[in-house]
Amino acid sequence: MLIMRNKSVKVGVIGVGHLGRHHTKHYASLQDADLVGIFDIDPHRASSIANQNNTNAFTELSSLLDEVEAVSIVTPTPFHAEVAEKCILTGKHVFIEKPITKTLEEADRLLLLSKEKGTMIQVGHIERLNPALLALKPYDISPKFIEIQRLAPYTTRGTDVPVVLDLMIHDIDILLSLVDSPVKTIRATGLSILTDSVDIAHARIRFGNGTVASIMSSRVAKDKVRKVKVFQRDLYATIDLLLGLTEVYKVVGDPDEDPQALMTAPFEYGGSERFIAYDKPPVIAGDALRMELDNFIKSVQGKETPIVTGKAGREALEVAMEIQQMIVQDIH
Ligand code: NAD
């Protein structure tokens, strides 16, 4: 348990490519963060991003670690474990971009090390802070069936890992946050289209409480799609993570319900008169990356707790690895 304090957290960013430069930009302006500097194995890139954000470009990782108490690790996934280990060994709190690591063994080692060193690991499962998903908070969510679809046009970024670890892991994390029950069985299929690894994946996951989920991810698509559909007794919710639109249909019995919200004429259900009502909860716009980095800094200060812990990142990875292995066995 960290002791609460108000002092700014001295923070650094390791890996300032596509996403790391946004981490840098946010830390430069977050009230409780004191951006000390950045490190990248590409020194030109580091100095250019440092200049843009009025901070220091360190030429050695160890020199940056001498000056900070927390870091964001935004290197390509295959380097997360090696870099995070160096940081944790020197007692730093780490925010690791998703997926936590490339293998489960690496994740376990980091979790053990951080426990030994008394440091915190937070993982960048950014969709947890997607405003459209947060809009579901007022509802009593207890899903029976969940369908999630995530499609993306092909780019070379992220193809250093299979689509399950690049895209599907976002939805696995969402799923595990929505269903309060352990995973019981997994079935998965997939195929390679454009790379030597899996580009399209489909998984059917059954939880101990009977909830079933169907998740599909593809990096071979014309348009981007990111949709979550939640079905449960008397409620159906559809969440468009890309458009920021959440719509809820529920069975209501109250005749005083806003007449404009009623979608049907009254019908007989469970021995009484019911209607289906439409609800469009407010989606409060916000930058999810900024919110998760603010949560990381405040967690280091002891003012908040991490929204996505290292343990949650490891759990999402475990399910992802099982899906990935099943697909590879299926293909061969
Ligand atoms: P990128 O290739 O654009 O940038 C990676 C940067 O890290 C490069 O500048 C590279 O020079 C640097 N680098 C490589 N090895 C390094 C090392 N050992 N030490 C220091 N710097 C090193 O990659 P990206 O698209 O920014 O992705 C980075 C990470 O962020 C990946 O793990 C990826 O999965 C994750 N990511 C997450 C999201 C999300 O939605 N949360 C989105 C994109 C990427």
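The values are calculated or read from the model by the stated rules, or taken from the named source; none is laboratory data. Remember, it's a predicted structure, so these values are computed and weren't measured experimentally. In this analysis, Cβ positions are derived from the backbone assuming ideal geometry, glycine residues included, and neighbour counts consider all displayed protein chains. Accessible surface is based on the protein model in full, side chains and every heavy atom, while ligands, DNA and RNA are left aside. Shrake-Rupley method; radii C 1.70, N 1.55, O 1.52, S 1.80 Å.
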**OP:** With the condition kept exactly as written, say whether any residue in region 130-139 is under 23 Å from A81 (Cβ atoms), open to solvent by 20 Å² or more (accessible area, probe 1.4 Å) and either in a strand (DSSP E or B) or touching a residue at least 12 places away in the same chain (Cβ under 8 Å) (or both).
**Re:** no
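Yes or no, residue by residue, for (1) more than 14 Å from the ligand (Cβ to nearest atom); (2) outside any helix (DSSP H, G or I); (3) open to solvent by 70 Å² or more (accessible area, probe 1.4 Å):
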site	(1), (2), (3)
I38	no, yes, no
I49	no, no, no
L64	no, no, no
C87	no, no, no
I100	no, yes, no
D108	yes, no, no
L111	yes, no, no
E116	yes, no, yes
Original post:
Inside region 267-287, can you point out the residues that are assigned to a loop (DSSP other than H, G, I, E, B) and in contact with a Ser or Thr (Cβ under 8 Å, 6 or more places away or on another chain)?
Top reply: K280, P281, V283
Original post:
Residues in region 67-85 that are open to solvent by less than 30 Å² (accessible area, probe 1.4 Å) and outside any helix (DSSP H, G or I): how many?
Top reply: 7
Original post:
Taking the condition more than 12 Å from the ligand (Cβ to nearest atom), at negative phi and surrounded by 18 or more Cβ atoms within 10 Å (Cβ to Cβ), does A201 pass?
Top reply: yes
Subject >> Hits in region 153-166 (condition: of a type outside the set (F, W, Y) and either outside any helix (DSSP H, G or I) or more than 9 Å from the ligand (Cβ to nearest atom) (or both)) >> reply: P153, T155, T156, R157, G158, T159, D160, V161, P162, V163, V164
**OP:** Please work out if I323 is assigned to a helix (DSSP H, G or I), closer than 27 Å to V123 by Cα, open to solvent by less than 20 Å² (accessible area, probe 1.4 Å) and not assigned by TED's automatic domain parsing to the domain that holds I141.
**Re:** no
**OP:** Go through the residues of region 16-24 one by one and say whether even a single one is open to solvent by less than 10 Å² (accessible area, probe 1.4 Å), part of a loop (DSSP other than H, G, I, E, B) and in contact with an Asp or Glu (Cβ under 7 Å, 6 or more places away or on another chain).
**Re:** yes
Original post:
Restricting attention to region 44-80, which residues are within 15 Å of L19 (Cα to Cα) and of a type in the set (A, V, I, L, M)?
Top reply: A46, I49, A50, V71, I73, V74
**OP:** Taking D294 as the residue in question, decide whether it is out of contact with any His (no Cβ under 6 Å at 6 or more places or on another chain), closer than 19 Å to L134 by Cα and exposed (fewer than 15 other Cβ atoms within 10 Å of the Cβ).
**Re:** no
**OP:** Could you list all residues from region 231-288 that are of a type in the set (A, V, I, L, M) and in contact with a Gly (Cβ under 8 Å, 6 or more places away or on another chain)?
**Re:** V283, A285
